[in-house]
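Q: Take a look at the following structure, please.
The values are calculated or read from the model by the stated rules, or taken from the named source; none is laboratory data. Keep in mind the model is a prediction, meaning the values are calculated, not measured. For neighbour counting, all protein chains shown are included, and Cβ atoms are generated from backbone atoms with ideal geometry for every residue, glycine included. All accessible areas refer to the heavy atoms of the entire protein, side chains included, with ligands and DNA or RNA removed. Shrake-Rupley method; radii C 1.70, N 1.55, O 1.52, S 1.80 Å.
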2 protein chains.
Amino acid sequence: MNRMRIGDLTERAGVTQRTVRYYESIGLLPSGEREGNGHHYYTEETVARLQKIDQLKKVGLSLEEIRDVIELYFTDTSEVLPKRKVLGILYRHLADTDQKLEALGQFRSDLQSNIERFERWLEANERD
Amino acid sequence: MNRMRIGDLTERAGVTQRTVRYYESIGLLPSGEREGNGHHYYTEETVARLQKIDQLKKVGLSLEEIRDVIELYFTDTSEVLPKRKVLGILYRHLADTDQKLEALGQFRSDLQSNIERFERWLEANERD
DNA sequence: ATATAATATGACGTTAACGTCATGTTTGCA
DNA sequence: TGCAAACATGACGTTAACGTCATATTATAT
């Protein structure tokens, strides 16, 4: 299906209409083409874009940060943007990401230790 | 220094007084002991606790989630909490963490590819 | 042709995590 | 002892990322 209205779009992307309109309003999502009537029409690419946004949100980026990088995934960047600046942004995100990865790794191993500690405790007190 | 007031606490922990009071108000931080006067007094442990909270925030946990796990770091859990429940929480956080780690890893490699792509482009157009 | 469903737009509401006064009491130093 | 700096408490403000009506117009199934 390629050429859908907001109902199908939101169903396929797993977001609400409010979310789509909000993203359009802040320039994160291009407002779908409109016919003579007021309705917006979207494509498969819009679905993919919404999914990518969701993925980046899970990584912990704000919508504003996502707006900075999303074009890298969905336009021929060879044309539009100032290359050096984009590269700068990418390097910053890479550094941030590595920081987060380290913090997350640390947290994970803390969790592991605690889990093991609790399980040992439960095992030692299996007498209820 | 062990026994400080909020000024020193916030300076050492790198947070504002408002943050401390907010954390106290939501039960994330135990309200420091109060003398006959109304003042609160804190210890090194409070500093450590604030730092731990900050670390967990960076991992992407909400203050509410942090409240669920922070006790694991700062109390003798052998006494206070229902063991099985805590273990459940820990396992959920572990699963969440692994998800985030995967998403982050994916994002990181996407970033890498894009960076390389841009650098190749810049190299190929070194003619300004 | 008409009733029902889908869409557009605007406005106000909501939650988390604090920021920012305002006002009153307490402390510490010259 | 006086007075600026530190602390306590309350109330209102703020931002992000939407949720939730309300109302009007367009599309669709019978």
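Q: In square angstrom, rounded to the nearest 10, how much accessible surface does A:Thr16 have for a 1.4 Å probe?
A: 80 Å²
Q: How much mean residue ellipticity at 222 nm does the protein assembly as shown get from its helices, if each DSSP H run of length 4 or more adds -39500 (n - 2.57) and you divide by all residues, to the nearest 500 deg cm²/dmol?
A: The helix-only estimate for the protein assembly as shown comes to -23500 deg cm²/dmol at 222 nm.
Q: Identify, among A:Ile53, A:Tyr42, A:Asn114, the residue whose Cα sits farthest towards the positive end of the charge dipole of chain A, taking +1 on the Cβ of Lys and Arg and -1 on the Cβ of Asp and Glu, with the dipole about the Cα centre.
A: So the residue we want is A:Tyr42.
Q: Using Cα atoms only, what is the angle between the long axis of helix B:83-124 and the major principal axis of chain B, expressed in degrees (0 to 90) to the nearest 10?
A: Compared with the principal axis, the helix lies near 30 degrees.
Q: Using a Gaussian network model on chain B with a 10 Å cutoff between Cα atoms, which of B:Glu35, B:Glu71, B:Glu102 fluctuates the most?
A: In the Gaussian network model the winner is B:Glu35.
Q: Please give the FRET efficiency for B:Leu101 paired with A:Tyr41, using the beta carbon to beta carbon distance and R0 = 30 Å, rounded to the nearest 0.05.
A: 0.20
Q: Okay, next question. Using a cut-off of 16 Å between alpha-carbon atoms, which lysines can reach B:Lys52, once sequence neighbours fewer than 8 places away in the same chain are excluded?
A: A:Lys100
Q: I've got another one for you. Could you pull the copy-to-copy label distances for A:Arg3, with points set 7 Å along Cα to Cβ, in nm to one decimal and sorted shortest first?
A: Values, ascending and in nm: 8.0.
Q: Considering just Cα atoms, how many Å³ per residue does the convex hull of chain A enclose?
A: 165 Å³
Q: Using unit Cβ charges (K, R positive; D, E negative) and no other charged atoms, how large, in debye to the nearest 20, is the dipole of chain B about its Cα centre?
A: 360 debye
Q: Give, as a single signed number, the net charge of other residues whose beta carbon lies under 9 Å from the beta carbon of A:Ile70, with Lys and Arg counted +1 and Asp and Glu -1.
A: +1
Q: About its Cα centre, what dipole magnitude does segment B:1-61 give when the only charges are +1 on Lys and Arg Cβ and -1 on Asp and Glu Cβ, stated in debye to the nearest 20?
A: 220 debye
Q: Also, I was wondering about something else. Between A:Arg84 and B:Arg5, how many nm apart are label points set 7 Å from Cα along the C-beta direction?
A: Label at A:Arg84, label at B:Arg5, 5.2 nm between them.
Q: Here's another thing I want to ask about it. I'd like the accessible area for B:Asp54: 1.4 Å probe, protein heavy atoms, all chains in place, Å² to the nearest 10.
A: Accessible area of B:Asp54: about 70 Å².
Q: While we're looking at this one, here's another question. Taking a label point 7 Å from Cα toward Cβ, how far is A:Ser25 from its twins in the other copies, in nm, shortest first?
A: In ascending order, 2.8 nm.
Q: Further question: Can you classify the protein assembly as shown as rounded, prolate or oblate using the Cα gyration tensor, where a ≥ b ≥ c are the square roots of its eigenvalues, rounded means a/c under 1.5, and otherwise it's prolate if a/b beats b/c and oblate if not?
A: Verdict is prolate for the protein assembly as shown.
Q: Moving to a separate point now. Once ligands and nucleic acids are excluded and a 1.4 Å probe is used, how much of A:Ser113 is accessible, expressed in Å² to the nearest 10?
A: 60 Å²
Q: Closest to the A-onto-B rotation axis, which residue of chain A has its Cβ, and how many Å off the axis is it?
A: Value returned for chain A: A:Gly60, 3.
Q: To the nearest 10 degrees, how steep is helix B:63-74 against the longest Cα principal axis of chain B, on a 0 to 90 scale?
A: Result, in degrees: 70.
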